[in-house]
Amino acid sequence: MTIDLKTTPFSCRGSYLVISEVSENWCGCRNEAGLYLRTVRGSASRPLIARVKIGNKGRDVAYKAELDGAVLVLKCARGRAEFCFDDPSTLLVRGSAGLDITLDFLSDTGSFEYIYAFERDGRAFHMANCFKNNCRCLMMAQQGDVSVDQLWQEKSALRARFSVSGETGFLLALKEIVTEWDGKWKTFDFDLSAQKAGEELAGFTKKMPSCPEKYKTTAEKAAYLLWASAVKKGGLYTREAILMSKNWMKNVWSWDHCFNAVALSYAEPSLAWDQFMLMFDRQDKTGLLPDSINDTLAIWNFCKPPIHGWALQIMMENMTLTPQQLRQAYLRLSKWTRWWLENRDYDGDGLCEYNHGNDSGWDNSTVFSVTPPICSPELQAFLVIQMDVLSDIASKLGRENAAAAWREKSDGMLDRLLGHMFRDGLPIAFQSGSHAPVPNRSLLPYLCAVLGEKLPEYIRNSMIKALRSDMFRTPHGFATEAPGSPDYLSDGYWRGPIWAPSTMLLADGLKRCGEKELARDTAKRFADMVKKAGFAENFDALTGEGLRDRAYTWTAAAFLAMAHEYL
């Protein structure tokens, strides 16, 4: 399978190490364009560990990248260099006769970068101290000759380059050391390591939702992306975590994780549960979820929309929750729902508001073109569904009084939503307090379609008519801002591009409204776009071109779930 290292990183399940091609001055790193070893740890002040150069007698050689199982193969005119992980912390690199590899540890980008040599049990080791990355890289050439090009000055190396070459080939092992090396080292067999990693990836791929044959290769790439984007438990990650990307969107956000959990719920229930609960493990005592986390940092300035009940409802259709899981879900989801009801109804009208576009997940949507707080109908819809789910779980747990109370709260919010947030059958958003409608041509309010038959027929008909028209609908799906809007931007983030979450939520809403064929058509347009453009963060609504981070897991997850459910 071909792999474009400019868009899709090479990694493995559990690892914080990544190999990819990056552009000049990538993420402000003042680097040259090229192939790099990177870290996705949140504690790193700079993500680039070392530039990786494949050469022949010191001269750089061109290559073509392919993915063979879980092995990255760089095919050169005179041989090949292969990368695979023996474990999440240990990267193996094997090179053909005549090839060499150089790791330039970028010591010119910061202080305290250097390489030192030592012996242990008759073996020669080198340790690269990567202060900028908050880690060290322990290296040993099991085959081949080592050379170090280093210029020391006072407290750091002005350059620190580690090279391995061999007339009959080379085998380099590199291990990430976060605290201290335990002194254990084994003799590596590249082929056995590759086989083990390949079998793990193949097993994971087989557990992904089934989809039509025409999308088989795309589904395999989606499975690889989900598998390779996982990092092992540690720090603020209380469970194995699937990052949103191992490019630069290398955190977990408090709604992105729901889409990954849904896709995994078909045949990976344990991993799905971990993805769903990951953010709830960091829940504040008030009930608030962080906006995002990585292994070292939680962001609390914003939050994300309460789609968790919607996601859990789908998960429970695909997997069986144990009584303990039901109790955990009920406790956490109750606190999250009460937080919204108690802390985000500033004008006391019984309808909740967003403090900022970031809280909705639609950061710069035109719904937020006036000063927040903003009350938008899809927020109420998400809460209605969430309270319905809480009522259902309470019943399963034998808590009938609680079930009735949640149902009453849900019905009350639905009544207020229907009474205040529609004009001529179409959804509107308004400012808190004044209830002055916000002029916008955003798709965001239409996500209230997830309520399905809870919406009166005239509202459903009005919304479906608008969604069937070309107001938002393009050959590739639903634009997040109407293309005819003066605020539409082809690469405008939430002011135009197509996104996976809006597509998946809207497809589900259309199905709930009885529009199964329109839901299917929406899924097909999205799947065809992804098949051509890859798993981008978002897509140009008119051309289908992938935009921004090009290896985004919720895009892969939404593709898998929708291709299975609708196609």
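The values are calculated or read from the model by the stated rules, or taken from the named source; none is laboratory data. No experiment lies behind these values; they were computed from the predicted model shown. Here Cβ is always computed from backbone atoms with ideal geometry, including for glycine, and neighbour counts include all displayed protein chains.
Below are the figures for this structure:
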quantity	calculated
Among the candidates 244, 249, 277, 208, residue that is assigned to a helix (DSSP H, G or I) and of a type in the set (A, V, I, L, M, F, W, C)	277
Where a residue in segment 475-490 is farther than 16 Å from residue 367 by Cα and its partner, wherever it lies, is of a type outside the set (A, V, I, L, M) and part of a strand (DSSP E or B), with Cβ under 9 Å and at least six apart	476/539; 477/539
Condition met for residue 495 (touching an Asp or Glu at 6+ places or on another chain (Cβ under 7 Å) and either assigned to a loop (DSSP other than H, G, I, E, B) or on the phi < 0 side of the Ramachandran plot (or both))	yes
Single condition residue 508 does not satisfy, out of (1) acidic (Asp, Glu); (2) surrounded by fewer than 17 Cβ atoms within 10 Å (Cβ to Cβ); (3) part of a helix (DSSP H, G or I)	(2)
Filter result for residue 292 (crowded, with 20+ Cβ neighbours inside 10 Å and either outside the structural domain of residue 360 (by TED's automatic domain parsing) or of a type in the set (Gly, Ala, Ser) (or both))	yes
Residues being surrounded by fewer than 21 Cβ atoms within 10 Å (Cβ to Cβ) and not aliphatic (A, V, I, L, M) - total across segment 345-387	15
Any hit, segment 26-38, residues being over 19 Å from residue 113 (Cα atoms) and touching a Ser or Thr at 6+ places or on another chain (Cβ under 7 Å)	yes
Answer from 285, 304 - the residue that is among the charged types (D, E, K, R) and closer than 30 Å to residue 14 by Cβ	304
Residue satisfying all of: in segment 35-78; among the small types (Gly, Ala, Ser) and within 24 Å of residue 251 (Cα to Cα); nearest to the chain's Cα centre (by Cα) among these	42
Criterion violated by residue 164 - all others in (1) farther than 22 Å from residue 18 by Cα; (2) over 33 Å from the mean Cα position of the chain (by Cα) satisfied	(1)
Residue list for segment 47-90, restricted to those being farther than 23 Å from residue 15 by Cα and either in contact with a His (Cβ under 6 Å, 6 or more places away or on another chain) or of a type in the set (D, E, K, R) (or both)	57, 59, 60, 64, 75, 78, 80
Close pairs (8 angstrom Cβ cut-off, 6 or more residues apart or separate chains): closer than 22 Å to residue 276 by Cβ and surrounded by fewer than 24 Cβ atoms within 10 Å (Cβ to Cβ) in segment 536-564, at pLDDT 95 or above and charged (D, E, K, R) anywhere	537/548; 537/549; 537/550
Residues located in segment 151-166, provided they are in contact (Cβ under 8 Å) with a residue 40 or more places away in the chain and in a strand (DSSP E or B)	156, 157, 158, 159, 160, 161, 162, 163, 164, 165
Residues being within 22 Å of residue 266 (Cβ to Cβ) and either at pLDDT below 95 or of a type in the set (Ser, Thr, Tyr) (or both) - total across segment 521-567	5
Among the residues listed as 216, 221, the single one being at pLDDT 95 or above, crowded, with 19+ Cβ neighbours inside 10 Å, more than 14 Å from the chain's Cα centre (by Cα) and among the basic types (Lys, Arg)	221
Filter pass, residue 442 being of a type outside the set (Asp, Glu) and in contact with a strand residue (DSSP E or B) (Cβ under 6 Å, 6 or more places away or on another chain)	yes
Subset of segment 511-539 (residues that are assigned to a loop (DSSP other than H, G, I, E, B) and within 19 Å of the chain's Cα centre (by Cα))	534, 535, 536, 537
Residue among 160, 141 that is under 28 Å from residue 41 (Cα atoms) and in contact with a helix residue (DSSP H, G or I) (Cβ under 6 Å, 6 or more places away or on another chain)	160
The listed residue being touching a residue at least 40 places away in the same chain (Cβ under 8 Å) and in contact with a Lys or Arg (Cβ under 8 Å, 6 or more places away or on another chain), out of 226, 236	236
Filtered residue count, segment 211-237, keeping only those that are β-branched (Val, Ile, Thr) and not in a helix (DSSP H, G or I)	1
Wholly within segment 20-136, strands (runs of 3 or more DSSP E) carrying at least 1 residues that are in contact (Cβ under 8 Å) with a residue 60 or more places away in the chain, surrounded by 17 or more Cβ atoms within 10 Å (Cβ to Cβ) and in the same structural domain as residue 174 (by TED's automatic domain parsing)	34-39, 48-56, 64-68, 71-76, 79-87, 90-95, 99-104, 123-130
Qualifying residue in segment 167-183 (condition: closer than 26 Å to residue 69 by Cβ, in a strand (DSSP E or B), within 23 Å of the chain's Cα centre (by Cα) and aliphatic (A, V, I, L, M))	no
Residue list for segment 439-479, filter: over 16 Å from residue 377 (Cβ atoms), surrounded by 19 or more Cβ atoms within 10 Å (Cβ to Cβ) and either under 24 Å from the mean Cα position of the chain (by Cα) or of a type in the set (A, V, I, L, M) (or both)	476, 477, 478, 479
